[in-house]
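Worksheet for the structure shown next.
The values are calculated or read from the model by the stated rules, or taken from the named source; none is laboratory data. Only a predicted model underlies this, so the values are computations on that prediction, with no experimental measurement involved. FYI the Cβ positions are ideal-geometry reconstructions off the backbone, even for glycines, and counts take in every protein chain you see.
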Ligand code: SAH
Ligand code: SF4
């Protein structure tokens with residue numbers, strides 16, 4: 001095993017303690033995150049002895065792409081291999097296409113969302129989730145989280161200054177790996193690096209209430225998404241065993257105390273499963289539950305996989321559910337499974353407002 005440290009694991013402030021003078025760290029960040037140069041030797045504005053020192057102490061470990069599947073809708077699922085050969089997935093979701101005017105002048109650049117993994121597997125064990133089936137192996141390091149985005153940007157030739165959003169909706173429970181995830185949030189945000197600000201990063205959680213509080217106390221400015229999926233504790237326990245530890249009321253309380261930008265909303269993900277939680281009675285309860293929270297609901301159609309115990313709901317029912325929420329003043333979109341044809345296991349689904 002190499003004793004070299006992966007430089008992607010470090011925030012700029014941490015590196016500044018190891019590398020002097022400080023401005024060299026900015027230059028290194030610039031090479032890696034904005035010029036996509038992953039060889040210290042090629043960092044031509046660094047003195048030779050520093051390059052030598054860096055080479056001896058650090059590596060630049062970019063996750064290796066071992067598989068890539070493109071969906072008809074344009075989303076791309078990546079399978080990455082890590083240094084210890086564990087694999088994780090990430091998904092690139094084109095949110096907006098490039099737009100040109102009639103003279104061929106570029107009006108708007110393409111926009112992307114990247115869905116990243118935070119752990120190899122997951123401990124939470126939700127009954128509908130494919131990630132849970134494989135059990136839990138380990139946490140990802142900050143550099144392995146950041147590296148997924150870097151690898152995708154390089155692979156798709158996405159320029160450094162293109163707007164990218166991050167959602168922590170891949171494999172794993174991000175709040176179960178809060179130390180490393182919070183560091184990744186900081187590294188992503190660095191203006192000398194990828195420059196993806198906290199308001200463009202959404203943490204999705206199954207509802208680890210004490211960790212929601214801890215994340216809030218960190219005041220990072222990230223957005224929060226709660227995987228709610230059910231409005232009564234009995235069903236939620238069945239779907240998400242974590243509900244035994246932190247029930248719906250506890251989660252809602254944690255959300256109400258979470259600091260959020262006044263202009264932003266907490267997202268509630270509601271996975272609709274045929275005949276389980278797709279009825280108007282549930283919609284009614286949901287409206288009640290969200291009373292007093294600046295929220296938006298994302299209805300996710302359950303994405304069946306071979307051997308899954310649940311079924312995909314009928315779209316008519318989903319639309320009725322949405323209509324009920326909208327009629328009662330709750331913002332609500334329907335997310336169509338992105339990449340159904342590429343078996344997007346990570347469950348990340350593109351927002352598509354079927355209303356429009
Ligand atoms: N562990 C975190 C983040 C990863 S899961 C969480 O649970 O929030 C990201 C989203 O994908 C969650 O809302 C999850 O409920 C959803 N998901 C998992 N399996 C799915 C499936 N088979 N079909 C649709 N969505 C799924
Ligand atoms: Fe883990 Fe999220 Fe899957 Fe539940 S839905 S098992 S919390 S990844």
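Of the numbered conditions (1) touching a residue at least 40 places away in the same chain (Cβ under 8 Å); (2) more than 16 Å from ligand 2 (Cβ to nearest atom); (3) crowded, with 19+ Cβ neighbours inside 10 Å, residue 163 satisfies every one except a single condition; which is it?
(3)
Do any residues in region 312-334 that are farther than 19 Å from residue 225 by Cβ have Cβ atoms under 6 Å from those of residues that are surrounded by fewer than 20 Cβ atoms within 10 Å (Cβ to Cβ), where the two are at least six apart or on different chains, and which pairs are they?
Close Cβ pairs (under 6 Å, with a partner that is surrounded by fewer than 20 Cβ atoms within 10 Å (Cβ to Cβ)) amount to 312/304; 313/274; 324/280; 328/287.
Look at residue 288 and say whether it is assigned by TED's automatic domain parsing to the domain that holds residue 333, surrounded by fewer than 16 Cβ atoms within 10 Å (Cβ to Cβ), part of a helix (DSSP H, G or I) and in contact (Cβ under 8 Å) with a residue 24 or more places away in the chain. Give the derivation first.
Working: assigned by TED's automatic domain parsing to the domain that holds residue 333: yes; surrounded by fewer than 16 Cβ atoms within 10 Å (Cβ to Cβ): yes; part of a helix (DSSP H, G or I): yes; in contact (Cβ under 8 Å) with a residue 24 or more places away in the chain: no.
Against the criterion (assigned by TED's automatic domain parsing to the domain that holds residue 333, surrounded by fewer than 16 Cβ atoms within 10 Å (Cβ to Cβ), part of a helix (DSSP H, G or I) and in contact (Cβ under 8 Å) with a residue 24 or more places away in the chain), residue 288 does not qualify.
Kindly establish whether residue 213 is away from ligand 2 (no atom under 16 Å from the Cβ) and surrounded by fewer than 17 Cβ atoms within 10 Å (Cβ to Cβ). Can you show your working first?
On the way: away from ligand 2 (no atom under 16 Å from the Cβ): yes; surrounded by fewer than 17 Cβ atoms within 10 Å (Cβ to Cβ): yes.
Yes; evaluated as a whole, the condition is true for this residue.
Quick check on region 313-322. Is at least one of its residues in a loop (DSSP other than H, G, I, E, B) and in the same structural domain as residue 232 (by TED's automatic domain parsing)?
yes
Being more than 15 Å from residue 89 (Cβ to Cβ) and either modelled with pLDDT of 95 or more or more than 11 Å from ligand 1 (Cβ to nearest atom) (or both) narrows it down to one residue among 148, 108; which is it?
Just a single option satisfies the conditions, and that option is 108.
Hey, can you tell me all the residues within region 41-84 that are free of Cβ contacts under 8 Å to residues at least 60 places away in the same chain, in contact with a strand residue (DSSP E or B) (Cβ under 9 Å, 6 or more places away or on another chain) and closer than 25 Å to residue 24 by Cα?
57, 58, 59, 60
Could you give me the residue pairs with C-beta distances under 6 Å whose first residue belongs to region 126-147 and is closer than 23 Å to residue 269 by Cβ and in the same structural domain as residue 79 (by TED's automatic domain parsing), whose second residue is outside any loop (DSSP other than H, G, I, E, B) and more than 14 Å from ligand 2 (Cβ to nearest atom) wherever it lies, and which are 6+ apart or on separate chains?
Listed by first residue and then by second, the contacts come to 139/180; 145/184.
For residue 148, which of the numbered conditions (1) crowded, with 22+ Cβ neighbours inside 10 Å; (2) assigned to a loop (DSSP other than H, G, I, E, B); (3) out of contact with any helix residue (DSSP H, G or I) (no Cβ under 9 Å at 6 or more places or on another chain) fails to hold?
Condition not satisfied by residue 148: (2).
Here is a check on your reading of the model: is residue 45 farther than 19 Å from residue 184 by Cα, modelled with pLDDT of 95 or more, not in a helix (DSSP H, G or I) and not assigned by TED's automatic domain parsing to the domain that holds residue 181? Give the steps one after another, and end with the answer.
Working: farther than 19 Å from residue 184 by Cα: yes; modelled with pLDDT of 95 or more: yes; not in a helix (DSSP H, G or I): yes; not assigned by TED's automatic domain parsing to the domain that holds residue 181: yes.
Criteria met by residue 45.
Counting only residues that are free of Cβ contacts under 8 Å to residues at least 60 places away in the same chain and loosely packed, with under 15 Cβ neighbours inside 10 Å, how many does region 28-40 have?
1
Residues of region 17-42 being closer than 18 Å to residue 194 by Cβ and part of a helix (DSSP H, G or I), which ones?
Filtering region 17-42 down to residues closer than 18 Å to residue 194 by Cβ leaves 25-38.
Answer for region 17-42, where residues must be closer than 18 Å to residue 194 by Cβ and part of a helix (DSSP H, G or I): 25, 26, 27, 28, 29, 30, 31, 32, 33, 34.
Of the residues in region 123-134, how many are within 9 Å of ligand 2 (Cβ to nearest atom) and touching a strand residue (DSSP E or B) at 6+ places or on another chain (Cβ under 6 Å)?
The number of residues fulfilling the criteria is 1.
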